[in-house]
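Asks: Sharing a structure, written as structure tokens. Questions coming.
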Amino acid sequence: MTRDEYDAFCSSLPAAAFVEQWGGAHVWKVGGKVFAIAWAEDELAVTFKAGDIAFEMLRDQPGLRPAPYLASRGLKWIQNYSADGLRDDELRAYLRASYLMVARALPKKTRAALGLVAAQA
């Protein structure tokens, strides 16, 4: 997945908002809360929130690791850092799951203001 493909996918999610921060990282948020982060150096590294089971399954897979900084603070975030990691369709599924976890955790009033109904978030 290229950074343009990553940005296009994240922008397709309802109420997703882009910000460039932390030294050029492409950060996607919903309701002001981060659900995906991408850096492009030699290869695109994409970081996303994972559920408990997904985190345990993914943490030791080739091309994946607990996200630097975030995971060291006890948060369940995975970084796909090389071509040996997830296929594009798998990465999109995990990005969508990350988005949904974050959106569902928003206060009901915030979800309503963003137009996120129960079926979407």
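Just so you know, all these numbers are worked out from the coordinates, no wet-lab data involved. Keep in mind that what you see is a predicted model, and the values were worked out from it rather than measured. Here the Cβ is made from the backbone with ideal geometry for all residues, glycine too, and neighbour counts use every protein chain on show.
Asks: Please compute the net charge surrounding GLU5, taking Lys and Arg as +1 and Asp and Glu as -1 over other residues with Cβ under 10 Å from its Cβ.
Replies: Numbers: positive: ARG3, ARG92; negative: ASP4, ASP7, ASP88.
Local net charge: -1.
Asks: Student exercise: in the chain, how many lysine pairs 8 or more apart or on different chains have Cα atoms under 16 Å apart?
Replies: Values: LYS29/LYS49; LYS33/LYS49; LYS33/LYS76; LYS33/LYS108; LYS33/LYS109; LYS49/LYS76.
Here the count comes out as 6.
Asks: Can you work out ³J(HN,Hα) from phi for every residue in region 95-110, in order, using Karplus 6.51 cos²θ - 1.76 cosθ + 1.60 and θ = phi - 60°, giving whole Hz and x for Gly and Pro?
Replies: Couplings: 5, 4, 5, 4, 4, 5, 4, 5, 4, 5, 7, 5, x, 3, 5, 5 Hz.
Asks: Could you compute the FRET efficiency for THR110 and PHE18, with r as their C-beta to C-beta distance and R0 at 30 Å, rounded to 0.05? Numbers along the way, then the final one.
Replies: On the way: r = 18 Å, r/R0 = 0.61.
Efficiency at R0 = 30 Å is approximately 0.95.
Asks: Before anything else, pin down the relative contact order of the chain: Cα pairs under 8 Å, at least 6 apart, normalised by residue count, whole percent.
Replies: On the way: 181 pairs, mean separation 27.2, N = 121.
Relative contact order of the chain: 22 percent.
Asks: Evaluate 2.2 N^0.38 Å with N set to the residue count of region 3-113, then give the Cα radius of gyration divided by it. Numbers along the way, then the final one.
Replies: Details: Rg = 13.3 Å, N = 111, 2.2 N^0.38 = 13.2 Å.
Taking the Cα Rg and dividing by 2.2 N^0.38 Å, one obtains 1.01.
Asks: Now for a separate question. Any chance you could run the full-extension gain for SER72 through ILE53? It's 0.36 nm times the residue separation minus the Cα-Cα distance, nm to one decimal. Numbers along the way, then the final one.
Replies: On the way: separation 19, 0.36 × 19 = 6.84 nm, distance 1.76 nm.
My answer for the length gained is 5.1 nm.
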